[in-house]
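The structure appears below as C-alpha cells.
Where a number appears in this text, it was derived from the coordinates with a stated rule and is not lab data. Just so we're clear, the structure is a prediction, and the values are computed from it rather than from any experiment. Positions of Cβ are backbone-derived with ideal geometry, glycine not excepted, and every protein chain shown enters the neighbour counts.
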Amino acid sequence: MRIIPEIQANHADMVRWRHDLHAHPELAFEERRTADFVAACLEEWGLDVDRGLARTGVVGTLSRGSGKTVGLRADMDALPMQEANEFDYRSSYPGKMHACGHDGHTTMLLGAARYLAAKPDFSGTIHFIFQPAEEAAGGAKVMLDEGLFERFDVDAVFGMHNWPGLPAGYFAMRRGAMMASLDCFDIRILGRGAHGALPHLGIDPILTAAQVVSAVQGIVSRNVDPLRSAVISITKIHAGDAHNIIPETLDMGGGLRCFDPALREQLKSRLGEVVAATAQAAGAGSAIEFVSGYPPVMNDAASTELAARVAAEIVGRDKVNDQSEPVLGSEDFAFLLEQRPGCYVFIGNGTEAGGCMIHNPHYDFNDGILALGASYWVRLAQAFLRPGAA
C-alpha cells in the first residue's frame, strides 16, 4: 500500500483532530465549532479561506501556476441521535452524534490540504470544499444556490464516503448511478373523530392509514419493472392522544428512492394517486407534500476511470472495484454532479468484529484509514491537474 509517508507521519495529528470532532458533533447548518476548526487549520497552512456559504460552509483554495481546477468535498455535520459508545472521545453533546463518519471525512480532507500546502507540486487550482448539512438538509444545494461554482468554479468535483462492510484498504465506485435519488414526503389523513366505543360515528384515520401503508407497498411490486430498483418506505406515523378517542387526523411520512429520473417522477405521481384513492375509499380526505428531494448520484465515466486508477496505484488493482453495486441510499453530492462532472467513491471502513453500519448508535469511524483517505485525495488532485490528464 503506497500511503504518502509524510501523511502517515502526521497520523497521530489526524487521529487527534478526528477524535475532537467526534466529541463535538454539530447538526445541519450549526457546524460553527467545526467550521472554526477547519478554517483555522487551513489559514495556518497558508490557504485562502472563504466562509459563509450555506451559513457554515468553508472553502479553502490552493493555486499554483496555471491549469485546471478541481474541487474536493467533505461533509461536516452530525446526526440527531444519542451515542451508545463509551470511549473517551464519545459525543459530549446529548442527542447528537457523528454516526456517519463525517468527522473522518473532514479529517481526511484536512490531511490532504496540509500536505498539498507544504508540497505544492502541481499546476492549477484545488478548492477544498467543507460542506454543512449533508444529512437530509441539502447543504450542497444551498452552497450551489449561494454561488459555490460561480465563486469557486471547477472542471470536476470529487467526493468520498466511508463504507462499513467494505474492508479497510479497499475502494468501490461505478460509472453512472452510484446512489439513489431521495424524495421525502409527508401525508395527512383527514378523518372524523369519535368515541372509541362508537367507531361507526367517525371516520378512523388510523385504519385508513393502515390501508394506505399496504397500498403504497404495491406501487413498487406492481408498477415498477422487476429489473429496475426502487423502494418506498413509510418511516413514521403519529396520531391520537388517548385510549378511548378515535383521532381526527393522522400524520405519516417516509421516502421514495430509485436511480432513474423518469421512474422517480412516475413514483411520485403514483404515490399521490394511491394515497388519494385509498383515503377516498375509506371516506377520508388526504394531503401529500414532498418536503425535500435529492437527485441520484451520477458518476461521470472519465472521472470514475481516473478515481479508479488513482486508488489502484495506492492500494493495488485487486482492491478497487470500479463496477460496484449501486446503493439505494442517497447523498446531496448529487447536486454538485448535476452541474459538474466528477466521481463519488466509497472507502472501506472495515469488516472487523463489532463494527456496524452508519447511522447506528455504536458506529465509529476507523482511524486506520485516515492516512489512506488523505493520500487518495492528494494523488487524485495531482493526477487530475497533471497536463494532458483526462
In whole angstrom, the spacing between the Cα centers of the stretch 328-390 and the stretch 244-267 equals 30 Å
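Just need the relative contact order of the stretch 181-293 here, percent rounded to a whole number, with Cα pairs under 8 Å and 6+ apart.
Details: 221 pairs, mean separation 50.5, N = 113.
Computed value for the stretch 181-293: 45 percent relative contact order.
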For the chain, the longest principal axis of the Cα atoms and the Cα long axis of helix 301-315 enclose an angle in degrees, to the nearest 10, of 60 degrees
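When DSSP beta bridges are limited to those with both residues in the stretch 4-136, what percentage is antiparallel, rounded to the nearest 5?
Around 65 percent antiparallel, to the nearest 5.
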Neighbour-count ranking for I187, I245, I314, I126 (other C-beta within 10 angstrom, fewest to most) reads I245, I314, I187, I126
Cα-based Rg and Dmax for the chain, in Å, come out at 23.2, 79
Computed, not fitted: 222 nm per-residue ellipticity of the chain from DSSP H runs ≥ 4 (each -39500 (n - 2.57)), nearest 500, equal to -11000 deg cm²/dmol
Over all viewing directions the Cα convex hull of the stretch 1-70 casts an average projected area in nm² of 6.6 nm²
Of all DSSP beta bridges with both partners in the chain, the antiparallel percent, nearest 5, is 70 percent
Least to most buried among C343, C184, by other C-beta atoms within 10 Å and fewest first, runs C184, C343
The size of the Cβ-based charge dipole (Lys, Arg +1; Asp, Glu -1) of the chain about the Cα centre, to the nearest 20 debye, is 780 debye
In degrees rounded to 10, the 0-90 angle between helix 102-118 Cα long axis and the longest Cα principal axis of the chain is 20 degrees
One finds the C-alpha centres of the stretch 160-180 and the stretch 1-80 to be spaced, in Å, by 21 Å
Taking a ≥ b ≥ c as the square roots of the Cα gyration tensor eigenvalues, with a/c under 1.5 meaning rounded and otherwise prolate when a/b beats b/c or oblate if not, the stretch 1-123 comes out oblate
Neighbour-count ranking for K236, K68 (other C-beta within 10 angstrom, fewest to most) reads K236, K68
